[in-house]
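Comments concern the structure below.
The values are calculated or read from the model by the stated rules, or taken from the named source; none is laboratory data. Because the structure is predicted, anything quoted here is derived from the model rather than measured. Note that we place each Cβ from the backbone using ideal geometry, even for glycine, and neighbour counts take in every protein chain shown. These area figures cover heavy atoms from the full protein model, side chains too; ligands, DNA and RNA do not enter into them. Shrake-Rupley method; radii C 1.70, N 1.55, O 1.52, S 1.80 Å.
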Number of protein chains: 2
Amino acid sequence: MKNKILEHRKGKGFTQDALAKKCNVSRQTINAIENDRYDPTLQLAFKIARVLNTTVDNVFKP
Amino acid sequence: MKNKILEHRKGKGFTQDALAKKCNVSRQTINAIENDRYDPTLQLAFKIARVLNTTVDNVFKP
DNA sequence: TGTTTATGTCAAAAGTTTTTTACATTTAGC
DNA sequence: GCTAAATGTAAAAAACTTTTGACATAAACA
């Protein structure tokens, strides 16, 4: 699953750690997802999208 | 996680079984998700949305 | 260079989803 | 009311994912 987390994250000036904290997950989780090591749960996908001020469909592409 | 699978599914005239087959999962999986017993993987969420001709953000709400 | 901050990666644990088999209940049409 | 189709549910196992702590590497920059 491709994603545009990096793009949106940088756009907001967030570090992985900052984004992680806002999503209440570990930095490694954000890193792993950002680098396509695995897909987030649907819940976390929504959380990430919300924190990045966008939609799930916008951040992730199958 | 709330969802509008039933609504969209009926709109297309699909049974749970039909939707399941189109998504390559078991009928019980669709049934369980439709009835909020658990959330699908992000992959499956996208598949369901695609089969129902809509978006993940449209079908699911945190 | 040395220090700090940011990112990358592992292995294992923890947790979740999915499948299967089976049966119960409901709904729709005849 | 009967029948067939559709839906609901359960338990257990299999498959898969996510998370975490720990450590490694890289980047920034004074």
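Measuring heavy-atom accessible area with a 1.4 angstrom probe and counting protein chains only, the residues of segment B:43-62 that give up at least 40 Å² relative to the chain alone are B:Q43, B:F46, B:D57, B:P62.
What does the net charge come to around B:S26 if you take all other residues with beta carbon closer than 14 Å to its beta carbon, with K and R at +1 and D and E at -1? Residues near B:S26 contribute +3 overall. Inter-part distance, chain A to segment B:1-32, computed on C-alpha centroids, equals 27 Å.
Two tests apply to each whole DSSP H helix in chain B, Cα reach of 24 Å or more along its axis and mean Kyte-Doolittle hydropathy of at least 1.6, and none passes both. Per the accessible-area calculation with a 1.4 Å probe, the total area buried between chain A and chain B rounds to 1200 Å². Applying 0.36 nm per residue to the separation of A:R50 and A:K10 and subtracting their alpha-carbon distance, the gain on full extension is 12.9 nm. Each peptide in B:18-30, B:40-52 gets a packing score, the mean of other Cβ atoms within 10 Å over its residues, and the list from highest to lowest is B:40-52, B:18-30. Starting from a label point 7 Å past Cα on the Cβ side, list the distances from B:P62 to the same position in the other copies, nm, shortest first. Nearest to farthest, the other copies are at 2.2 nm.
So what is log10(I(q)/I(0)) for segment B:2-61 at q = 0.20, 0.22, 0.24 1/Å, when the Debye sum runs over its Cα atoms only? Debye curve over Cα of segment B:2-61, log10 I(q)/I(0) at q = 0.20, 0.22, 0.24 Å⁻¹: -0.61, -0.76, -0.94.
Within the accessible surface of chain B, defined with a 1.4 Å probe on protein heavy atoms only, the carbon and sulfur portion equals 46 percent. Considering helices alone, the calculated mean residue ellipticity of the protein assembly as shown at 222 nm is -15500 deg cm²/dmol, with DSSP H runs of length four and up weighted by -39500 (n - 2.57) and normalised per residue. Heavy atoms of the protein chains alone define the surface here; on that basis segment A:2-61 has 55 Å² accessible area per residue at 1.4 Å probe size.
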